[in-house]
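A quick write-up on the structure given underneath.
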Amino acid sequence: MVPMGDDLLRLAPELVLCLTGIVLMVIEPFLTKGRRALLVSLAGGGAGLALLATLYPALHQGTAFSGLLRIDQFSVFFHVLIGLVAVLVVLASSDYLEREHLQQGEYYALVLFAAAGMGVMASAAELMTAFVGLEVSSISTYILARYRRDAPGSNEAAMKYFLLGSFATAFFLYGVALLYGATGTTRLEQMVPTTLAGAPELLRLGLALVLVGLGFKVAAAPFQM
């Protein structure tokens, strides 16, 4: 079924970020060295446009895509925060990329993809949707950790982060499986223990594993970047 207009508009910030990232990667090979500054303007403009696109979800809160996403004050706050950080990262990285002679289009695209994943996770009303957003953001940050390909420290950091992230993903998914077994659903608002014996204990164990998985990803990132 084709998504309705309201669903797409409530997902507009993520769509803008992803489309901008794709455009950056497509046009970079066709730009001369003297025109690479255009990439900064395009990336910053895309992040700013995504921030502006948060206005519609903020004014028309509700669910989208059959309840997989929920737009409320919590998700709007984090969309604004993520958009502001993305703009600042793009603007602050320009001189560094130029000085280190690193490809700019890929870097900005990865930053925008990571921000899109974070936005999906902030709006997720269902655990597997949250997992998709988490992994989109994580894979982008894995690559960003190794962006300086010629630096041994960068390669080591990326490998460590990837291994820790893989373990964290396993914990998270196993926790989701236990939560589904305990409640019969992965939708957050419907998660209550079933009448099966041991369901409350299974629910607590599943929540613990999900928190462990998220904790590993959040705690490992600053030490590897």
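The values are calculated or read from the model by the stated rules, or taken from the named source; none is laboratory data. The model shown is predicted, which means the values in this text are computed figures rather than measured ones. So basically every Cβ, Gly included, is an ideal-geometry build from the backbone, and we count neighbours across all protein chains shown. Ligands, DNA and RNA are stripped out before the accessible areas are found, and what is left, the full protein with its side chains, is counted by its heavy atoms. Shrake-Rupley method; radii C 1.70, N 1.55, O 1.52, S 1.80 Å.
Numerical summary
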| read-out | value |
| --- | --- |
| Charged-residue dipole, Cβ positions (Lys, Arg, Asp, Glu), the chain about Cα centre, Debye nearest 20 | 320 debye |
| Mean accessible surface per residue for the stretch 1-131, computed with a 1.4 Å probe while every protein chain stays in place, in Å² | 52 Å² |
| Estimated FRET transfer efficiency (residue 72, residue 174; beta-carbon r; R0 35 Å; 0.05) | 0.80 |
| Protection-proxy order for peptides 87-93, 135-141, 106-112, each taking the mean of Cβ atoms within 10 Å per residue, highest first | 106-112, 135-141, 87-93 |
| Separation of the residue 32 and residue 95 label points, Cα + 7 Å toward Cβ, nm | 2.7 nm |
| Relative contact order of the stretch 66-225, defined on C-alpha pairs under 8 angstrom at six or more residues apart (%) | 20 percent |
| Mean Cβ neighbour count within 10 Å, used as a protection proxy, ranking 96-104, 209-217 highest first | 209-217, 96-104 |
| Mean residue ellipticity (222 nm) of the chain, computed from DSSP H runs ≥ 4 via -39,500 (n - 2.57), nearest 500 | -25500 deg cm²/dmol |
| Estimated FRET transfer efficiency (residue 201, residue 151; beta-carbon r; R0 45 Å; 0.05) | 0.45 |
| Signed unit charges on C-beta, dipole axis of the chain, positive-most listed residue 180, 127, 151 | 151 |
| Two-site label geometry, residue 187 and residue 132: point separation in nm, points 7 Å out along Cα→Cβ | 1.6 nm |
| Kyte-Doolittle mean at least 0.5 and Cα axial length at least 27 Å: DSSP H helices in the chain | 73-100, 104-123, 152-183, 199-224 |
| Pairwise label distance in nanometres, residue 102 with residue 88, each label 7 Å out on the Cα-Cβ vector | 1.8 nm |
| Share of carbon and sulfur in the accessible heavy-atom surface of the chain [1.4 Å probe, %] | 72 percent |
| Size of charge dipole - the stretch 1-127 - debye, nearest 20, with Cβ of Lys, Arg +1 and Asp, Glu -1, no other charges | 240 debye |
